[in-house]
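Here, each number is a calculation from the coordinates, and none is a lab measurement. None of these values were measured; they are calculated from a predicted model. Every residue, glycine among them, receives a Cβ derived from its backbone with ideal geometry; neighbour counts consider all protein chains shown.
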């Protein structure tokens, strides 16, 4: 039986005999991550309209559904229409402080059952109850930490009041964000993540950073594509101009 060390030596030997398609040198880490992230934010104050248009194009390219509203007051109406079109009755949401909006009153008035994530550090029983609600929910509503325009990707950091189950378990994921969440490139995204982890106060309690590029897709050995096996079948992005 081949040992682990022998196996790794074999892999290294084979890789050394085959040149890569291109050089991939590591990107140097910024000396001051916070300052580098602030430069990106200042750049995006002027370039966000172009970044938003690129995001929309790439997001729709991967079959995401893009919505644009003037202010947060219009968000429940969009979610209500999404639910109505799918005959959905249950909505799961980040905690109102994390989302910036409490959907219980507005959507509850339309007959939808709305469950919000618990605040702070819930006990085991509360976590279990929320997981059960997440498994039953038909629509999950989250905010967005960053929207990466060059690939139409939504980047979400898990943490208090913002469990990852909200974006992963319901069949339809709805993400809400404003212009301050836009970044243009993966390089900029790397700088934002460097700043996030350089400051413990910013990193929250999140153990997971999800990069979501369109609905879940899975292909079998015959390349038959199936959606929704390991995540949502649909992903909607609601851009809020006034946010």
Problem - Of all DSSP beta bridges in segment 30-240, antiparallel share, percent nearest 5 - result: 30 percent
Completion exercise
The relative contact order of the chain, taking Cα pairs under 8 Å that sit 6 or more residues apart, comes to a percentage of 25 percent
Problem - Degrees between helix 75-85 axis and first principal axis of the chain (Cα, 0 to 90, nearest 10) - result: 90 degrees
Exercise for the section: Give the peptides 117-127, 168-178, 3-13, 132-142 in descending order of average Cβ contacts within 10 Å, highest first. Expected result: 168-178, 132-142, 117-127, 3-13
Practice task
Calculate the spin-label point distance for residue 57 paired with residue 32, positioning each point 7 Å from the Cα along the beta-carbon direction, and give it in nanometres.
Solution key: 3.5 nm
Handout entry: Helix 186-198 axis, angle to the chain major axis (alpha carbon atoms, nearest 10°)
Key = 80 degrees
Practice task
Would you mind computing, in nm to one decimal, how far apart the modelled labels at residue 217 and residue 18 are, each placed 7 Å from Cα along Cα→Cβ?
Solution key: 2.3 nm
Completion exercise
One computes Rg over Rh for the chain from alpha-carbon atoms, with the Kirkwood Rh, and obtains 1.03
Completion exercise
The helix 124-136 Cα axis meets the longest alpha-carbon principal axis of the chain at an angle in degrees, between 0 and 90 and rounded to 10, of 80 degrees
